[in-house]
Amino acid sequence: DATADAAIANAKAVDDAQAKIELLQAQVEALQTAIEQVKASMVKVTPSWKGAPQLDDKEAGFSFKPRGAIQLDAGYNGYPRGNELRGTVGGLNYQNLGWNSRARRLLLGADGTLPGGFRYSAKFNFAQASVDFEDVFLAYDFKDHPFTVQIGHIYPFSSLETMTSSKFTSFMERAGITDAFNYNRRLGLAFTASDRKSDGWIIQAGLFNEPINNANFTHTGWQASLRGVYSPLLGTTRLHLGANYQHRVNTKEALVQQYRSRPLNQLTDQRFIDTGNIASDGDDVAGLELAAIHKSLHVAAEAQKVWVRNAYNAAEAAALNSDAGDNDTIPAGSVLLNRNPSFWGAYAELGFFLTGETRGYKGGRFDRTKVLHPFNEGGWGALQ
């Protein structure tokens, strides 16, 4: 615009045709430049649609994509052994059984990229009248190498099911071992090496502290995790062979670990299986993973075993708590044992898509399944 105004001011006294042509040409060029600038600014501020609105500034390396999910549960929990007595019986509150419903997850957050090649994710769960932290992390993917560094609040690398988002699992809840063996997100530093081209393998390792929703300062517990997956594509069949290991250390302020599990639908706070707080230094967990995807068919199975490390008996607990100079403490009422117990669990599942889809898989875990005939295109969606 400034260029055009200057040309007009300099040509007011000029009447010949050549000057008028030059003036018109200057105006056209100035207009074209202005249009290009408007187009460039519109690209930066106009969101694209990739399952959700996404803002991108590719020159700066910045992007922002809001995320959200709603999971509402309703169901029924029966009474053990056919006993329908009310009140507390055998350690269970029977009034909290029967029909129930709740908002399991009300997730809100965002994913995106930052200048310098970083990417981020921050998600929060607003269910149960509280705010809980989901994934909150910053990551960097090395362009010319198969490595990723990640720092933040994420799941330790403990199993195929915990690595798979709750949006992409076959069932409304993960297997009972993920609940009973205390797999929760933790604050930590993680490293990943993977075959990004063909998804043929992945190795994950991390060192983690306590969950960040722990409001106090008892964050002296920690965990080291290691997971490896070999997932070749054999013709049209994707194979998944994996193993994982966790070394966990209890907090000094409370040297206990509790193993317990709700019914699968998670619609009650009552645990039918509960060891109580076992006084111990920590535990070690080892697991095996097996899965395969062949067209519309998939199978998956996992098995894990937990070894409690250095369980305390009554004499050891008394001696530890009587030492005023030691910060290690065993809370009153803890379960005291004469030897180290162990626990194991496993699951298996078989699935088939009646509508022809293939279960999604990416990065050593199940991923979003692409629906062949969505409802909004007149189809039935995906029926599994």
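Spin-label model, N184/E59: points 7 Å from Cα along the beta carbon direction are separated by 4.7 nm. Placing R0 at 56 angstrom, the Cβ-Cβ distance between F191 and V28 gives a FRET efficiency of 0.50 after rounding to 0.05.
Sorting the segments 149-161, 277-289, 294-306 by their mean number of nearby beta carbons within 10 angstrom, highest to lowest, gives 149-161, 277-289, 294-306. Here's the list of aspartates and glutamates a cross-link from K370 could span, going by alpha-carbon distance under 13 Å and ignoring same-chain residues fewer than 8 apart: E357. For the stretch 55-174, averaging the sequence separation of C-alpha pairs within contact (under 8 Å, six or more residues apart) and dividing by the residue count gives a relative contact order of 18 percent. Spin-label pair A52-N216: with each label point 7 Å from Cα along the Cα-Cβ axis, the two points sit 3.5 nm from one another. Of the residues N265, N313, P331, the one whose Cα sits farthest toward the positive end of the charge dipole of the stretch 236-376, with +1 on the Cβ of Lys and Arg and -1 on the Cβ of Asp and Glu, is N265. Shape class of the stretch 228-273 from the Cα gyration tensor (axes a ≥ b ≥ c, square roots of the eigenvalues): oblate, since a/c reaches 1.5 or more and a/b does not exceed b/c.
Close amide H contacts of R196 (hydrogens built in the peptide plane, cut-off under 5 Å, sequence separation of 5 or more or a different chain): none are found.
Under the simplified labelling scheme, the K20-V335 pair shows an inter-label distance of 9.8 nm, with each label point 7 Å from Cα along Cα→Cβ. Counting pairs of Cα atoms in the stretch 275-338, how many percent are more than 16 Å apart? Taking all Cα-Cα pairs of the stretch 275-338, the fraction more than 16 Å apart is 60 percent. Under the shape rule built on the C-alpha gyration tensor, where the axes satisfy a ≥ b ≥ c, the stretch 60-185 is prolate, since a/c reaches at least 1.5 and a/b is greater than b/c. Between D274 and L108, what is the FRET efficiency for a Förster distance of 35 Å, r being their Cβ-Cβ separation, to the nearest 0.05? The formula returns an efficiency of 0.60 here. Within a straight-line Cα-Cα reach of under 27 Å, K39 can be paired with the following lysines, leaving aside sequence neighbours fewer than 8 residues apart in one chain: K50, K58, K65.
For the pair A129 and T169, the difference between a 0.36 nm per residue extended length and the Cα-Cα distance amounts to 11.9 nm. Stretching F375 away from L350 to a fully extended chain increases their span by 6.5 nm, per 0.36 nm per residue minus the current alpha-carbon distance. What's the carbon and sulfur percent of the chain's accessible surface, probe 1.4 angstrom, rounded to a whole number? Within the chain, the accessible surface is 59 percent carbon and sulfur.
Think of each Lys and Arg Cβ as +1 and each Asp and Glu Cβ as -1; about the Cα centre, that makes the dipole of the chain roughly 1080 debye. Relative to the Cα centre, the charge distribution of the stretch 272-384, modelled as +1 at Lys and Arg Cβ and -1 at Asp and Glu Cβ, gives a dipole magnitude of about 720 debye. Summed over the residues of the chain and divided among them, the accessible surface reaches 57 Å² per residue at a probe radius of 1.4 Å.
Can you tell me the FRET efficiency between I35 and N100 if r is taken as the Cβ-Cβ distance and R0 is 56 Å, rounded to the nearest 0.05?
0.40
Applying a length cut-off of 27 Å (Cα extent along the axis) and a mean Kyte-Doolittle floor of -0.5 to the DSSP H helices of the chain leaves 17-45.
The values are calculated or read from the model by the stated rules, or taken from the named source; none is laboratory data. Predicted model, so just to flag it, every value in this text is computed and none were measured. Here the Cβ is made from the backbone with ideal geometry for all residues, glycine too, and neighbour counts use every protein chain on show. Quick note on the areas: whole protein, heavy atoms, side chains included, nothing else; ligands and nucleic acids left out. Shrake-Rupley method; radii C 1.70, N 1.55, O 1.52, S 1.80 Å.
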